[in-house]
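The values are calculated or read from the model by the stated rules, or taken from the named source; none is laboratory data. Keep in mind that what you see is a predicted model, and the values were worked out from it rather than measured. Neighbour counts run over all protein chains shown; Cβ positions are idealised from the backbone, glycine included. Areas reflect the complete protein model, heavy atoms only, side chains present, ligands, DNA and RNA absent. Shrake-Rupley method; radii C 1.70, N 1.55, O 1.52, S 1.80 Å.
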Amino acid sequence: MASATNLSLAPPSSAQMNDDLLRPLRQTSWRFYVLVALLGSIVAAGVVAWFAQMFFGFGLSGIKWPIYWGFYITNFVFWIGISHAGTLISAILRLVQAGWRRPVTRCAEVITAFALMIGAMFPIIHLGRPWLAFWLIPYPSERLIWPNFRSPLVWDFFAINTYLTGSMLFLLLPMIPDFAVVRDKSTGLRHKIYRALALGWRGTPKQWHRLESAMSIMAVAIIPVAVSVHTIVSFDFSMAPVPMWQSTIFGPYFVAGAIFSGIAGLIIAMAVLRKALHLQAYLLPLHFDNLGKLLLVMALLWGYFVFNERLVTYYGNGPAEMAVFWQTQRDNYAPLYWTMVTCNFVLPLIILGIRRFRTITGCVIASFGVVIGMWLERYLIIVPSLAHKYLPYTFASYRPQPVEIVITCATFAAMILLYVLFAKVVPIISIWEMKTGDHAPRPAVVEHELGGVRQ
Amino acid sequence: MKAVYGLYPDGSSAQQAVNRLRAAGLDDREITVISSQPMDEYEFGEMDKATWIWWIACGGGLAGMATAFALAWLTETWWPINVGGLPTWAWWPNMIIIFELTMLGAIVATAATLVVTAGLGRGGRLYDPEVSNGMILVGVENPPDGALGDLQRTLAAPPGAHVKTI
């Protein structure tokens, strides 16, 4: 439980921070084991479903001509989008030196690492013969067939791997000083493990400068990489002559949507961590308020992009495009479409736009809406267009089968499981960043609002 | 390893200790300062600030760019594939590969430089776990035997000092 001191306006002391932030690593309740067992069994069910799909073939899924991209590619785009929660947001906040980012950054960066891993699995799950996935890797093949660098799928390979590598390093490097704290505060086998992970970190001025310089460089490098990743994911669609896909705004539209869903995922994760790990003294209403405002801005931006895309299509009045357009506006896919608009635009606008509702609970409700809405958005980009291509003989419908639903649920469970396990072995809030400025000789500067500073 | 060091509860005391060690004739390279957070607010926190890491990151980026260029060029000229009427060497799509590997090169070079220049992975140096509780360590590693007493007195002078010898 956070101490009474922590719940007052006075910031927690160094020792108190150690106790509060290392508590989840030291204490394990029966709830943890129950949760891990539950999530683990859902993940296991997903693995069984995948193996069944490999063994019995793709006929088990609902993917068939002409709709070759269904739930799996929807999930791929969705998870890559969620991955924008962390590294990108953390890098931007680091570069603008927003002091309120400190308790938020690691919670966010972890989402990136795990969401990217899960997202990157989907093109492999989507392969009929996943053991041939290495064909994407450029290597001197005896078949004399190298990857085609003019294919967006190969761009995906390079972009996602660059982002994953960068995000992992961006997450891992600032963890080293915290591993040193755990090393100093533990005994026995745990001490040995964290001593190895701390890499002999001591905390000399030289080490701090190098770490901060490295983090600044990585923040500068990771922002354009993050933007490129989702732009390239959008190229998977916009480079194809499919109705409503060939759009010049798909790049920024996807990037905005990714950041939008990423912030929503981050708010949900922070709220759960705050409650489950008793981090009320660190994850303050201020953080949710600031992230809620960002979510509101992204909701407006998302609304602008959707309006823009639909309006241009409507004025273009191409027969193939309009067939897809009306499918989403008033025909088969209309219920999903208007649910998406409600979740992504109406709900955040009402909850986050009215100050009285922008509480932690309000932000979490809006975020759940956005996560659902953004998953629907990915689905509605992919399926209606493939179901209504240019000629009527290619019209079809898609119905997801149990194997796809189980695998989809399993990836959500996998995300939560990885996050829970991570929070069990690594301080989920960066201890050294929270302590930064503790010894400042002058009165501490308190950032209380987004962009505002109070002395 | 022999060492004499003081643990200080705040930055002002640690700064005083560093100043006194300098006044006693020690060079910055001979003084060890350790803290559990960056101490940019104090002069001693600025020690060893100069770094080539930005230049090395740029070098890594250039190496990544060269690798991407070579990979794309060699692949497309040695095994040409006619795709969608695009030229064999198509700048626009290749720029994506070149951009990604440039950034990857810069990121990996930065991480490698941090590990090497921050001395990560090297053990057996002066350290005290009290640092994790917020204490600031100021000390001298392998001091000359004759100077031990003077150093202990120097380190004990600032308020709140707790001097140890190992």
inquiry  = If I ask for residues that are within 19 Å of A:Val371 (Cα to Cα), aromatic (Phe, Trp, Tyr) and out of contact with any helix residue (DSSP H, G or I) (no Cβ under 8 Å at 6 or more places or on another chain), which ones from segment A:311-359 would you list?
reply    = A:Trp338
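Any idea which residue in segment A:243-266 is most open to solvent (accessible area, probe 1.4 Å), counting only those that are closer than 16 Å to A:Tyr314 by Cα and hydrophobic (A, V, I, L, M, F, W, C)?
Restricting to residues being closer than 16 Å to A:Tyr314 by Cα and hydrophobic (A, V, I, L, M, F, W, C), the top hit is A:Ile249.
Applying the selection to segment A:69-107, what residues are outside any helix (DSSP H, G or I) and in contact with a helix residue (DSSP H, G or I) (Cβ under 7 Å, 6 or more places away or on another chain)? Let's see the steps before the verdict.
Just the residues of segment A:69-107 that are outside any helix (DSSP H, G or I), to begin with: A:69-70, A:86, A:96-98, A:102-104.
The answer is A:Trp69, A:Gly70, A:Gly86, A:Arg102, A:Pro103, A:Val104.
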note = Residue hits (segment A:313-354; over 30 Å from A:Ile365 (Cβ atoms) and hydrophobic (A, V, I, L, M, F, W, C)) are A:Ala320, A:Met322, A:Ala323, A:Val324, A:Phe325, A:Trp326
ask   = Looking at segment A:320-337, is at least one residue part of a helix (DSSP H, G or I), open to solvent by 60 Å² or more (accessible area, probe 1.4 Å), farther than 30 Å from A:Arg106 by Cα and hydroxyl-bearing (Ser, Thr, Tyr)?
value = no
task = Determine which single condition A:Phe158 fails, assuming it passes every other condition in (1) closer than 17 Å to A:Ala91 by Cβ; (2) at the interface with chain B (Cβ under 7 Å from one of its Cβ atoms).
result = (1)
inquiry  = Test of understanding: among A:Tyr333, A:Tyr282, which residue is in contact (Cβ under 8 Å) with a residue 40 or more places away in the chain and within 30 Å of A:Ile428 (Cα to Cα)?
reply    = A:Tyr282
task = Exactly one condition in (1) aliphatic (A, V, I, L, M); (2) surrounded by fewer than 17 Cβ atoms within 10 Å (Cβ to Cβ); (3) farther than 17 Å from B:Gly139 by Cα is not met by B:Met1; state its number.
result = (3)
ask   = Taking the stated definitions as given, is A:Ala219 within 14 Å of chain B (Cβ to nearest Cβ), small (Gly, Ala, Ser), touching a helix residue (DSSP H, G or I) at 6+ places or on another chain (Cβ under 6 Å) and within 30 Å of B:Val138 (Cα to Cα)?
value = no
note = Selection from segment B:23-78 of residues charged (D, E, K, R) and either within 30 Å of A:Ser430 (Cβ to Cβ) or more than 9 Å from chain A (Cβ to nearest Cβ) (or both) yields B:Asp27, B:Asp28, B:Arg29, B:Glu30, B:Asp40, B:Glu41, B:Glu43, B:Glu46, B:Asp48, B:Lys49
key: So A:Phe134, is it aromatic (Phe, Trp, Tyr), assigned to a helix (DSSP H, G or I) and at pLDDT 90 or above   = no
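If we keep just the residues of segment A:202-216 that are facing another protein chain (nearest Cβ under 7 Å) and of a type in the set (Ser, Thr, Tyr), which is nearest to A:Asp184 (Cα to Cα)?
A:Thr204
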query = Can you name the residue in segment A:105-129 that is closer than 30 Å to B:Thr77 by Cα and modelled with pLDDT under 90 and, of all such residues, is most open to solvent (accessible area, probe 1.4 Å)?
reply = A:Arg129
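Taking A:Ala98 as the residue in question, decide whether it is at pLDDT below 95 and either buried (at least 24 other Cβ atoms within 10 Å of the Cβ) or touching a Gly at 6+ places or on another chain (Cβ under 7 Å) (or both).
Details: at pLDDT below 95: yes; either buried (at least 24 other Cβ atoms within 10 Å of the Cβ) or touching a Gly at 6+ places or on another chain (Cβ under 7 Å) (or both): no.
Taking the combined requirement at face value, the residue does not satisfy it.
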task = Residues being small (Gly, Ala, Ser), in a helix (DSSP H, G or I) and open to solvent by 20 Å² or more (accessible area, probe 1.4 Å): count how many of those fall in segment A:187-237.
result = 4
ask   = Does segment B:143-158 contain at least one residue that is hydrophobic (A, V, I, L, M, F, W, C), facing chain A (nearest Cβ under 7 Å), over 24 Å from A:His230 (Cα atoms) and open to solvent by less than 60 Å² (accessible area, probe 1.4 Å)?
value = no
remark   = Apart from one, (1) more than 19 Å from B:Leu26 (Cα to Cα); (2) at the interface with chain A (Cβ under 9 Å from one of its Cβ atoms) all hold for B:Leu126; the odd one out is (1)
